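K.L.:
Have a look at the structure that comes next, please.
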Amino acid sequence: MTDETAPSPLERLIEQILDEMRLTSGYTGRDGLSDSTLAALRKVPREAFVPEDERRLAFANHPLPIGHAQTISQPYIVALMTELLELTPESRVLEIGTGSGYQTAMLAELAGEVYSIEVIRELADTARARLEEMGYANVHVRHGDGHAGWPEAAPFDAIIVTAAADEIPPALVEQLVPGGRLVIPVGPPWYTQYLRLLRRTENGDTDDQPVLPVAFVPLVYEKPETGESD
């Protein structure tokens, strides 16, 4: 017989995320998640963004490979980065690194418009089709190099980067509105990286603070002369 009172795999995952939020609150200053982030975690089906041969691990609290040497991020990190953006239904968000589209869907549940750039064409095409099929009409996905942002759609209330940059790309800071927030992992591959939160002040200055040690795949540049990626 099965225990009908046992929590579902999703609810167990959410409890793990909340436990990790409490454990890392000394770094992040946050010991929980907003109701809106929790609602998005419950609504967006993570298993739909995981390759079929990895779906048995869809509710594990760790990253998973999605091909092309890329990953779908750990659910705790997705939740934390989403929370740090402090999105509202009016927010316009830029995401650098669409990947599987899972983080994109999380953003789309909370924001008014989401613009997402993916440097690997196959991932961009697959994520775009998946998100369209799921009915996310407020998401715009394109293939390209995210270091330059999306100037023609700027400015943005929030920007999220889902791969580690050696330094914060200046173009992204320039595309933030006054009061806007940028969440980005910074640091070289295989060495200590830090998730950073940058706020653009009303007078155009920036306030940049480290949040948490992390490990992300590197932010990829596209070679303009060939269209290939490093």
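K.L.:
Which one of these is out of contact with any helix residue (DSSP H, G or I) (no Cβ under 9 Å at 6 or more places or on another chain), in contact (Cβ under 8 Å) with a residue 12 or more places away in the chain and surrounded by fewer than 20 Cβ atoms within 10 Å (Cβ to Cβ): Glu202, Glu132, Glu152?
P.N.:
Glu202
K.L.:
Check Thr126 against each of (1) surrounded by 20 or more Cβ atoms within 10 Å (Cβ to Cβ); (2) more than 16 Å from the chain's Cα centre (by Cα); (3) assigned to a loop (DSSP other than H, G, I, E, B) and name the one condition it does not meet.
P.N.:
Thr126 satisfies every listed condition except (3).
K.L.:
Still on this structure: For residues that are part of a strand (DSSP E or B) and either touching a helix residue (DSSP H, G or I) at 6+ places or on another chain (Cβ under 9 Å) or under 20 Å from Thr28 (Cβ atoms) (or both), tally how many sit in segment 172-198.
P.N.:
Qualifying residue count, segment 172-198: 13.
K.L.:
Just to verify a result, which residue in segment 111-120, among those that are surrounded by 15 or more Cβ atoms within 10 Å (Cβ to Cβ) and not β-branched (Val, Ile, Thr), is nearest to Ala163 (Cα to Cα)?
P.N.:
Glu118
K.L.:
How many residues does segment 173-197 hold that are more than 15 Å from the chain's Cα centre (by Cα) and in contact (Cβ under 8 Å) with a residue 40 or more places away in the chain?
P.N.:
The total comes to 1.
K.L.:
Is it fair to say Gly32 is of a type in the set (Gly, Ala, Ser) and touching a residue at least 12 places away in the same chain (Cβ under 8 Å)?
P.N.:
yes
K.L.:
Please verify whether segment 48-55 includes one or more residues that are small (Gly, Ala, Ser), farther than 29 Å from Arg199 by Cα and at pLDDT below 95.
P.N.:
Within segment 48-55, not a single residue is small (Gly, Ala, Ser), farther than 29 Å from Arg199 by Cα and at pLDDT below 95.
K.L.:
Of the residues Ala6, Ala108, Ala79, Ala39, which single one is surrounded by 13 or more Cβ atoms within 10 Å (Cβ to Cβ) and either touching a Phe, Trp or Tyr at 6+ places or on another chain (Cβ under 8 Å) or assigned to a loop (DSSP other than H, G, I, E, B) (or both)?
P.N.:
Selected residue: Ala108, the only one of Ala6, Ala108, Ala79, Ala39 that is surrounded by 13 or more Cβ atoms within 10 Å (Cβ to Cβ) and either touching a Phe, Trp or Tyr at 6+ places or on another chain (Cβ under 8 Å) or assigned to a loop (DSSP other than H, G, I, E, B) (or both).
K.L.:
When you go through Ser25, Ser34 one by one, which is the residue that is surrounded by fewer than 13 Cβ atoms within 10 Å (Cβ to Cβ), more than 26 Å from Glu132 (Cα to Cα) and polar (S, T, N, Q)?
P.N.:
Ser25
The values are calculated or read from the model by the stated rules, or taken from the named source; none is laboratory data. For clarity, every value in this text was computed on a predicted model and none was experimentally measured. FYI the Cβ positions are ideal-geometry reconstructions off the backbone, even for glycines, and counts take in every protein chain you see.
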